[in-house]
Amino acid sequence: MSQIQTNKIKKISLLGGTGSIGKQTLDLIRKAPNQYKLSAVAFGSNVSEAVQIINEFNPQLVSFKEADSINYAREACIKSIQYVHGESGLCEVAKFAEADTVLVAVVGAVGLEPTLEALKHAKRVVVANKETLVAAGDLIKEYILKYGGSIIPADSEHVALHQCLEAKSSDQVRNLILTASGGPFRNSDLDFSKITPEQALNHPTWSMGAKITIDCATLMNKGLEVIEAERLFGIDYDRIQVLVHPQSLIHGLVEFVDGNILAQLGPNDMRLAIQYGLNYPTRSENLSKKFLNFKEIRKLEFEEPDFVKFPCLRLAYEAGRAGKTYPAVLGAVDEVAVELFLKGEIRFSDIPQIIDLTLQNHHAKHTDSLETIRAADAWARKEALAQLERVKTA
Ligand code: NDP
Ligand code: MG
């Protein structure tokens, strides 16, 4: 991964400006206009919030999910902005010539093509969107080698591991350890078939978008992060462990072959992780102004994750180990299952079942092209709906 050391203002293309990560990124840009500028931004469907962001940050290029949103924005915003839309609009923002850094903060597989497009244009790509790394890890590595861009994590556990590893070779690593809060149902004796979306959306330590919050409740988020770690750091699955740590103050640990362990700690505020990703390899003053106060930390607890209670974690390890298009299928079917659960169409306990049944029916292919990954993704979404009928009638 190439490392560009520069003190120039970072010109940022932000994919997903209205989301949890997007808004925290904008907060950093707002706080440090001498360090960051929003050059281009892509939005989904939340046009009213998008208009406020455009008027505050004055980007040169804006993309919306739907073409209709452009007219509304044109009426409400400064006139000199260039507007684009749809998947091609996301890619335009990702490769925008004025920007040097791309922050991928959309949710789900929609991040895949713009991430590849950004790498094709040799950008520094800061990735919060784990689904893209999960689906297309091999292709991303190929693009980095071919076009000279780089990937820097913004997911807090991977930011932790990135700092602890400091580019050490994989043969020096005994274990990567990703911490997990354990989600809202860690100690719960609730019947998982009766858990409501409202209960599952109530995360104990982090405030995030709906999809990742449900993924935290099923532990699929940690499963996706295990695959994300394999993609980013090239460590095999036998050496990637998950450790439940309810306080979420240690974000990741690296155990080296000589028995020494490095851990990264920090307040549970995603702005630290995003700022690290934006600034790497340099560091600048903590813009969130949140710091850990050791006098207030009463305890740091750790426990093993429960693979039986949370089958999604097992399924993610299995899909990661099986490789090929299995991780892409895992990510796509999870997106569908989470959406169905949030709409009240399936039970919480149906989520791992639909994922399992879909993975079992998949005939995997090598992920050597974007088309293969897109085909696996489309197949998984269709198959998930077929399995929905099976689960409902069971
Ligand atoms: P949110 O749901 O809060 O935000 C998602 C963003 O993506 C919104 O801005 C949404 O726009 C936009 N979006 C969705 N679909 C499209 C589309 N087709 N075209 C353009 N924009 C689209 O998600 P989070 O911010 O929570 O998460 C984003 C990513 O970061 C996820 O992959 C997540 O796993 C990862 N992550 C998040 C963390 C967090 O603390 N939130 C922590 C670590 C990783 P709109 O609202 O306008 O429709
Ligand atoms: Mg994380």
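Here, each number is a calculation from the coordinates, and none is a lab measurement. All values reported here derive from a predicted model rather than from experimental measurement. So basically every Cβ, Gly included, is an ideal-geometry build from the backbone, and we count neighbours across all protein chains shown.
Please list 333-340, 310-317 highest first by mean number of surrounding beta-carbon atoms within 10 Å per residue.
333-340, 310-317
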For the chain, with a Gaussian network of springs between Cα atoms less than 10 Å apart, report the residue from GLY183, GLY344, GLY266 with the top mean-square fluctuation. GLY344
Cα gyration tensor, the range 1-138 - rounded (a/c under 1.5), prolate or oblate: oblate
Under 17 Å between alpha carbons, and skipping anything fewer than 8 positions from LYS10 in its own chain: which aspartates and glutamates qualify? ASP27, GLU98, ASP100, GLU285
Scoring the chain by relative contact order with C-alpha pairs under 8 Å, at least six apart, yields a percentage of 15
Springs between alpha-carbon pairs under 10 angstrom, Gaussian network model over the chain: which of SER48, SER150, SER248 fluctuates most? SER48
Over the chain: helical MRE at 222 nm, DSSP H runs n ≥ 4 each giving -39500 (n - 2.57), nearest 500: -14000 deg cm²/dmol
In whole Å, how far is the Cα centre of the range 224-244 from that of the range 105-183? 11
Sort 70-82, 296-308, 111-123, 235-247 for me by packing, meaning the mean count of neighbouring Cβ atoms within 10 Å per residue, highest on top. 111-123, 235-247, 70-82, 296-308
Can you give the Rg to Rh ratio of the chain, both from alpha-carbon atoms, with Rh computed by the Kirkwood formula? 0.95
So, by mean Cβ neighbours within 10 angstrom, what's the order for 277-283, 137-143 with the highest one leading? 137-143, 277-283
Would you work out the relative contact order for the range 152-240, in percent, from Cα pairs under 8 angstrom that are 6 or more residues apart? 31
Using θ = phi - 60° and the Karplus curve 6.51 cos²θ - 1.76 cosθ + 1.60, what whole-Hz ³J(HN,Hα) does each residue of the range 88-99 get, with Gly and Pro shown as x? 5, x, 4, 5, 4, 5, 4, 9, 3, 4, 5, 8
From the phi of every residue in the range 274-288, what ³J(HN,Hα) in whole Hz does the Karplus formula 6.51 cos²θ - 1.76 cosθ + 1.60 yield, where θ is phi - 60° and glycine or proline is x? 5, 5, 4, x, 5, 8, 3, x, 8, 10, 9, 3, 4, 6, 6
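Past 19 Å, Cα to Cα, is the threshold; run LYS23/LYS95; LYS95/LYS123; LYS95/LYS146; LYS194/LYS309; LYS37/LYS123 against it and keep the listed order.
Values: LYS23/LYS95 21 Å; LYS95/LYS123 8 Å; LYS95/LYS146 16 Å; LYS194/LYS309 14 Å; LYS37/LYS123 15 Å.
In this structure, LYS23/LYS95 exceed 19 Å between Cα atoms.
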With springs connecting C-alpha atoms under 10 Å apart, model the chain as a Gaussian network and identify which of ALA263, ALA217, ALA50 has the largest mean-square fluctuation. ALA263
